[in-house]
Amino acid sequence: MKLSLITKVILVLLIGALIVIPQIALPDAEFSGADDAAGTAITTIDENYVPWFESLFDPGDLEENLFHFQQLLGVGGLGICFFYLYKKSKKNEKADKSA
């Protein structure tokens with residue numbers, strides 16, 4: 001399947017719009033995790049709330065490193081898929097030219 005130049009340009013513009021429009025529409029937005037939202041909700045309901053227990057360790061760096069590892073696996077997987085598709089298309093082009 002070949003994409004025309006116009007289709008490629010439209011796709012790039014759509015991806016750019018998906019990145020830029022939220023930044024323009026919500027310039028002061030804060031993107032925080034569910035844990036922060038839950039803590040805020042709990043203190044709003046009961047200001048004197050005391051947690052039942054505390055963590056045995058602070059996940060801090062470990063949590064961040066696991067997240068980075070997950071990103072690495074995802075990007076690596078996508079890279080492998082794109083490389084496979086690229087090689088497959090090149091192979092099909094060679095087969096079409098020789099036929």
Report task. Would you mind finding the one in ASP58, ASP96, ASP35 that is assigned to a loop (DSSP other than H, G, I, E, B), modelled with pLDDT under 80 and out of contact with any Phe, Trp or Tyr (no Cβ under 7 Å at 6 or more places or on another chain)? Result -> ASP58
Query raised in the report: Taking ALA29, is it in the same structural domain as LYS2 (by TED's automatic domain parsing), without any contact (Cβ under 8 Å) to a residue 12 or more places away in the chain, surrounded by 10 or more Cβ atoms within 10 Å (Cβ to Cβ) and small (Gly, Ala, Ser)?
Result: no
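So that you can scan it fast, the table gives a plain yes or no per residue for (1) more than 20 Å from LYS2 (Cα to Cα); (2) outside the structural domain of LYS2 (by TED's automatic domain parsing):
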residue: ALA34; (1), (2): yes, no
residue: THR40; (1), (2): yes, no
residue: GLU47; (1), (2): yes, no
residue: ASP58; (1), (2): yes, yes
residue: PHE67; (1), (2): yes, yes
residue: GLN70; (1), (2): yes, yes
residue: LYS87; (1), (2): no, yes
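Restrict the check to the stretch 6-20 and report whether at least one residue is over 30 Å from LYS87 (Cβ atoms) and either of a type outside the set (A, V, I, L, M, F, W, C) or surrounded by 10 or more Cβ atoms within 10 Å (Cβ to Cβ) (or both). Don't jump to the end; show me each part of the working.
Narrowing the stretch 6-20 to residues over 30 Å from LYS87 (Cβ atoms): 17, 20.
Those left that are additionally either of a type outside the set (A, V, I, L, M, F, W, C) or surrounded by 10 or more Cβ atoms within 10 Å (Cβ to Cβ) (or both): 17, 20.
Scanning the stretch 6-20, I find at least one residue that is over 30 Å from LYS87 (Cβ atoms) and either of a type outside the set (A, V, I, L, M, F, W, C) or surrounded by 10 or more Cβ atoms within 10 Å (Cβ to Cβ) (or both), so the answer is yes.
The values are calculated or read from the model by the stated rules, or taken from the named source; none is laboratory data. If you're wondering where the values come from, they're calculated on a predicted model, not measured in any experiment. For neighbour counting, all protein chains shown are included, and Cβ atoms are generated from backbone atoms with ideal geometry for every residue, glycine included.
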